[in-house]
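Quick note: the coordinates plus some simple rules give every number you see, no bench work behind them. Just so it is clear, the structure is predicted and the values come from calculations on it, not from any experiment. So basically every Cβ, Gly included, is an ideal-geometry build from the backbone, and we count neighbours across all protein chains shown.
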Amino acid sequence: MIKIAETPVKKSRKFLGAAYFRSENTGYHLLPFRFMRLSEEKEILVNDLGEYLICPKGTAAQVIRKEVDPITQETLYADLLSGFFISETPIPPLLEVMATRYRTKKSFLDHFTSLHIFVITLRCEHTCHYCQVSRVSEDKNAFDMSRQHIDKGIALMMQSPNPHLTMEFQGGEALLAFDNIVYAVEQTKQQALLHEKRITYVICTNLAPVTETMLAYRKDNDILISTSLDGPEYVHNPNRHKKGKDSYQLALKGIQQCRETLGNDQVSALLTTSNLSLSYPLEIVDEYFQQGFSSIFLRPISPFGFAVRNEKKNKYDTGRFLEFYKTALDRIIQYNLDGHFYREDYATIILKKILTPFPVGYVDLQSPAGIINNVIVFNYDGKVYASDEARMLAEMKDDTFLLGHLDEHGYNEIFYGQKALSFTAASIYESLPGCSECAFQPYCGADPVFNHATQGDIYGYRPTSAFCQKNMEIIRHLFLLMESDKRIEKIFHSWVNS
């Protein structure tokens, strides 16, 4: 018997034609969406509009295979249709509605840079171990921003196409250069009239040097105060060291003075989570509540500047922070269940992206990232940086994100130069490997400064990224909380609508 050799089937990696994928027996068409597992039982579908659908494991595969039956699975089918996951026609009848919603999500780009940070001085009377800039002692006037540079910074700020600008004064301790703050505010008020701009003023301060004269000027000019509170005295004082060990007492005294003079809503506080802080999530949350704050921002320490030098006090892995965050968030939610309004700010930013059609102004959770597009920094020495974190890197002799100098470069060179364009290209998550296919993409962001500082590359590598690990787990956790208890979902809605 003669054995006939079988002809081997030629394998090809070429793209197959559209006819191969077309099914003639389907009643719906797929719209773009991504999916991932939330838990052992649940998975989530998310589209570019931020619409999401939490469903049993295996649903995504069923949708993709076009096996969802509109009669026997009426509820699922209706949810997919109304959420723009599928369409009954090749071109969705509500395509213009989808386009409008997508434009709304990206509307933070409409007016370009809003926040302009003026590093008014590097002088500071504190020696915080996590300080991210090279503070200098109080008498070093050479480290104050010159009025010539203040004028040039204001002139650049007025060229922004944004009609509503924020002018923020940072340090060091900004109040040690209060005369220059007054000068800058008065100059800006005049220029704002000429350029038809609305200005919001913010001073970042530890409040230790505050005086009644300063408070009176702030009240007359509607200046907001952003201060620091790291928790109870036994956490705050070791974190924010000062001669006399009275940083905590001075902070509380300053907060009370500001509230009495300016009003409760004119002063906010910011937490920095050190290694010490991780042991006291409940105590820190309780401290903020007891001091009359209606919100707290639980944020990890930034891996920038001089903060990274003291690894024992400042370095910890993302997993430890996430444990701290979840424990603290549970406490905050319990306060709400007990009838108090008390919000966690980072969760609120993410929840606004999840639960509303509107964009957020938070620099780290935008695409393109908010560096340059939303924030710019004028340093005390006239140098211009892409963000506050970029300025912190420069204190460690890393000028990667230096955009120019107030004495040498004009608006177009700084904001539209080659460096600015390259940073923007690296911060569009729709085209970044690992981000482009992630289900949580519409709720996250891209941060080339963080990527460069931690991984040596402005594009970053998602599998080992602490930024990615933190955001993915927090987003996942928020979805699971909403899914587990409708009372929590109601609380979250109250946060984003307040």
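Below is a table of values for the structure above.
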| read-out | value |
| --- | --- |
| ³J(HN,Hα) computed for each position of region 406-413 - Karplus, 6.51 cos²θ - 1.76 cosθ + 1.60, integer Hz, glycine/proline x | 4, 7, 10, 10, x, 4, 5, 5 |
| Region 26-105: equivalent-ellipsoid semi-axes (sqrt of 5 x gyration tensor eigenvalues, Cα, Å) | 21, 17, 9 |
| Links that overshoot a 23 Å alpha carbon limit, given the list LYS326/LYS353; LYS42/LYS490; LYS106/LYS352; LYS189/LYS352; LYS152/LYS197; LYS353/LYS490 | LYS189/LYS352 |
| Full-extension gain in nm, LEU30 to HIS241, via 0.36 nm per residue minus C-alpha separation | 70.2 nm |
| At R0 = 35 Å, FRET efficiency that the Cβ-Cβ distance of VAL182 and ASP398 yields, to 0.05 | 0.60 |
| Antiparallel DSSP beta bridges within the chain, as percent of all bridges there, nearest 5 | 40 |
| Long-range amide H partners of MET36 with built H, under 5 Å | ILE44 |
| Magnitude of the charge dipole, the chain, Cβ model with Lys/Arg +1 and Asp/Glu -1, debye to 20 | 1100 |
| In order through region 266-277: 3J(HN,Hα) via Karplus (6.51 cos²θ - 1.76 cosθ + 1.60), integer Hz, x for Gly, Pro | 9, 9, 10, 10, 10, 9, 10, 8, 8, 4, 4, 4 |
| Spin-label pair ASP286/ASP110, simplified geometry with 7 Å Cα→Cβ offset, distance in nm | 4.6 |
| DSSP loop GluC sites (Glu not before Pro) with at most 13 other Cβ within 10 Å: longest gap in the chain | 197-407 |
| Least to most buried among THR400, THR113, THR211 (fewest other Cβ within 10 Å first) | THR211, THR400, THR113 |
| Helical contribution to [θ] at 222 nm, DSSP H n ≥ 4, -39,500 (n - 2.57), averaged over the chain, rounded to 500 | -11500 deg cm²/dmol |
| Förster radius 30 Å - calculated FRET efficiency between PHE341 and LYS315 (Cβ-Cβ, nearest 0.05) | 0.30 |
| Contour minus Cα-Cα distance for GLU41 and ASP330 (0.36 nm per residue) | 101.8 nm |
| Normalised convex hull volume, the chain, alpha-carbon set, Å³ per residue | 205 |
| In order through region 195-210: 3J(HN,Hα) via Karplus (6.51 cos²θ - 1.76 cosθ + 1.60), integer Hz, x for Gly, Pro | 9, 6, 10, 9, 10, 9, 9, 9, 10, 8, 8, 7, 6, 4, x, 4 |
| Charge dipole (debye, nearest 20) of region 26-105; +1 at Cβ of Lys and Arg, -1 at Cβ of Asp and Glu | 320 |
| Ranked list, fewest to most other Cβ atoms within 10 Å of each Cβ, for THR166, THR188, THR205 | THR166, THR188, THR205 |
